[in-house]
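Below you'll find the structure, written out as structure tokens, and then a few comments.
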Amino acid sequence: MLIPRPPAYRKWLYLRGFYWGFYTTLKHFTLNLLHLRKIPTIQYPEKRRERSPRFKGKHILTKKLDGSIRCTSCYLCQTACPADCIKITASEHEDPTVEKFPISFQIDLLRCVMCGYCEEACPVDAIRMGQEYEWADFSESNYIMDIDHLASRPSLKGGVISKLPT
Ligand code: SF4
Ligand code: SF4
């Protein structure tokens, strides 16, 4: 059976795409080299992009007005977390008006997918996704954030007060 072949000139049509691609690359290269337009690259880390308030960065445990952790150890965030990276250990509080509080609260950042479900699940604004995103490190163990780091790391400047602070 004879297979009809396309006309010979057709195989040269790709040259048009080749020259068009080459022209586009050369155009951008020249414009950027001669600074004839504003280059969209941000000179990080000297300059940093303004982030949306909805940005989901490193977690924060908020505090009450008296400085204690707002979390009531209800486990809703741990249950909602799809990556199973939150581990909470609750304890009874000596104040009878406070049912429970966390003696340990850990988030494994290497497992976290930054979905924000923990923040949405919390009924008392005790956990938030903050604005920090620079957490490169050499040791895996430094990616397990404990309760002190979540609530009182130096970048939080004393901590963040919950919207429900009592
Ligand atoms: S952001 Fe998502 S994956 Fe990360 S701790 Fe919260 S619920 Fe879990
Ligand atoms: S952070 Fe919020 S949702 Fe998670 S255990 Fe504490 S109070 Fe419950």
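The values are calculated or read from the model by the stated rules, or taken from the named source; none is laboratory data. All figures in this text were calculated on a predicted structure; none of them were measured in a lab. Every residue, glycine among them, receives a Cβ derived from its backbone with ideal geometry; neighbour counts consider all protein chains shown.
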Give me the pairs, please: first residue somewhere in the stretch 48-75 and without any contact (Cβ under 8 Å) to a residue 24 or more places away in the chain, second residue anywhere and surrounded by 12 or more Cβ atoms within 10 Å (Cβ to Cβ), beta-carbon distance under 9 Å, and either six or more positions apart or on two chains. PRO53/GLN131; ARG54/GLY116; ARG54/MET129; ASP66/PRO165; TYR75/ILE86; TYR75/ILE88; TYR75/ALA90
Condition first: within 30 Å of GLU132 (Cα to Cα), modelled with pLDDT of 90 or more and of a type in the set (D, E, K, R). Now tell me which residues in the stretch 1-47 satisfy that. GLU46, LYS47
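Out of the residues in the stretch 41-92 meeting the condition of being in a loop (DSSP other than H, G, I, E, B) and among the β-branched types (Val, Ile, Thr), tell me which one is farthest from the chain's Cα centre (by Cα). Steps first, answer last, please.
So the first thing to find is which residues in the stretch 41-92 are in a loop (DSSP other than H, G, I, E, B), and the list is 41-58, 62, 64-68, 70-75, 81-85.
After this cut, where a residue has to be among the β-branched types (Val, Ile, Thr) as well, the list is 41-42, 62, 72.
Working: THR41: 21, ILE42: 19, THR62: 18, THR72: 24 Å.
So, considering only residues that are in a loop (DSSP other than H, G, I, E, B) and among the β-branched types (Val, Ile, Thr), the one farthest from the chain's Cα centre (by Cα) is THR72.
Name the single residue that is nearest to ILE144 (Cα to Cα) among those in the stretch 93-132 being part of a loop (DSSP other than H, G, I, E, B) and near ligand 2 (Cβ under 10 Å from one of its atoms).
Only one residue tops the list, namely ALA126.
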List, please: which pairs have Cβ atoms under 9 Å, are six or more places apart or on different chains, and start with a residue in the stretch 111-134 that is under 16 Å from ARG51 (Cα atoms) and end with one that is charged (D, E, K, R) and within 14 Å of ligand 2 (Cβ to nearest atom)? ARG128/GLU119; MET129/GLU119
